[in-house]
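Undergrad: This is the structure I want to talk about, given as structure tokens.
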Amino acid sequence: MPQKKLIWKAFERAGILDSRDEKILKFLDFLKHTPASCWIEVIPEFRKDHEACFDAIVPVLVEIDDPLIQSVLVKHADMSQPRERALVRKMADTVDPERHPTLIKQLARFNDPETSRRLQRRNLPAPLASLISK
């Protein structure tokens, strides 16, 4: 996970590194000791043992303007979960189509009516707009 520095900086700005919440501290310790190429390990571990930290951790990750971080979050989003669905929809509102066209494509693949509506409201380049289900 070469994005670890970005993540730690975002956590620092958000005050997460100063948290006294035992659940958050446990997750931070796990993340700190996870190998550099760890997304495949972090997601299942987070869901299994750190879901209670979702509201503190995941929205901060969503705000990081890094295509790989955002792509991983979308790839692993469970649209049956309201919090995850809400964050995916927020990403549809804010993603920069010029910088992150691949993320637009990923978001379009959900075929979620609300996500599609949000993407349709955007001024997307024609090749990306054509991917959005009507």
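Undergrad: Could you tell me what % of all Cα pairs in segment 36-134 have separations over 22 Å?
TA: Values: 1319 of 4851 pairs.
When every Cα pair of segment 36-134 is considered, 27 percent fall beyond 22 Å.
Undergrad: If you look at just the Cα atoms of segment 1-64, how large are its Rg and its Dmax in Å?
TA: Final numbers for Rg and Dmax: 10.8, 28 Å.
Undergrad: Using the beta-carbon distance between Val60 and Ile40 and R0 = 22 Å, what value does 1/(1 + (r/R0)^6) give for FRET efficiency, to the nearest 0.05?
TA: On the way: r = 21 Å, r/R0 = 0.94.
It comes out at approximately 0.60.
Undergrad: Percent relative contact order of the chain, based on C-alpha pairs within less than 8 angstrom and at least six residues apart? Numbers along the way, then the final one.
TA: Details: 104 pairs, mean separation 24.4, N = 134.
It comes to 18 percent, rounded to a whole number.
Undergrad: Another question, then. Which of the pairs Lys4/Lys105; Lys9/Lys48; Lys26/Lys75; Lys4/Lys26 have their Cα atoms more than 19 Å apart in this structure?
TA: Values: Lys4/Lys105 25 Å; Lys9/Lys48 25 Å; Lys26/Lys75 25 Å; Lys4/Lys26 17 Å.
Result: Lys4/Lys105; Lys9/Lys48; Lys26/Lys75 exceed 19 Å.
Undergrad: Name the most mobile residue of Ser80, Ser116, Ser71, meaning the one with the largest mean-square fluctuation, in a Gaussian network model of the chain with Cα contacts below 10 Å.
TA: With Cα springs under 10 Å in the chain, the top fluctuation among Ser80, Ser116, Ser71 is at Ser80.
Undergrad: Rounded to the nearest 500, what is the chain's calculated 222 nm mean residue ellipticity when only DSSP H runs of at least 4 contribute -39500 (n - 2.57) each, over all residues?
TA: -18500 deg cm²/dmol
Undergrad: Please work out the Cα center distance from segment 36-56 to segment 92-109, rounded to the nearest Å.
TA: 23
Undergrad: Please report the accessible area of Glu51 (heavy atoms, 1.4 Å probe, ligands and nucleic acids excluded) in Å², nearest 10.
TA: So the heavy atoms of Glu51 present about 60 Å² to solvent.
Undergrad: Tell me the carbon and sulfur percent of the accessible area for the chain, rounded to whole percent, probe radius 1.4 Å. Before the final figure, lay out the partial values.
TA: Details: 4170 of 7920 Å².
Whole-percent figure for carbon plus sulfur exposure: 53.
Undergrad: Expressed in nm to one decimal, what extension gain is obtained for the pair Asp78 and Trp8 from 0.36 nm per residue of sequence separation less their Cα-Cα distance?
TA: Numbers: separation 70, 0.36 × 70 = 25.20 nm, distance 2.44 nm.
In short, 22.8 nm is gained.
Undergrad: How high is the relative contact order of segment 66-133, given as a whole-number percent (alpha carbon pairs under 8 Å, six or more residues apart)?
TA: Values: 55 pairs, mean separation 20.3, N = 68.
Dividing the mean separation by the residue count of segment 66-133 yields 30 percent.
The values are calculated or read from the model by the stated rules, or taken from the named source; none is laboratory data. These numbers come from a predicted model, not from an experiment. Heads up, the Cβs are rebuilt from the backbone with ideal geometry, glycines too, and the neighbour counts pull from every protein chain shown. Each accessible area value is taken on the protein alone, full model and side chains, heavy atoms only, with ligands, DNA and RNA left out. Shrake-Rupley method; radii C 1.70, N 1.55, O 1.52, S 1.80 Å.
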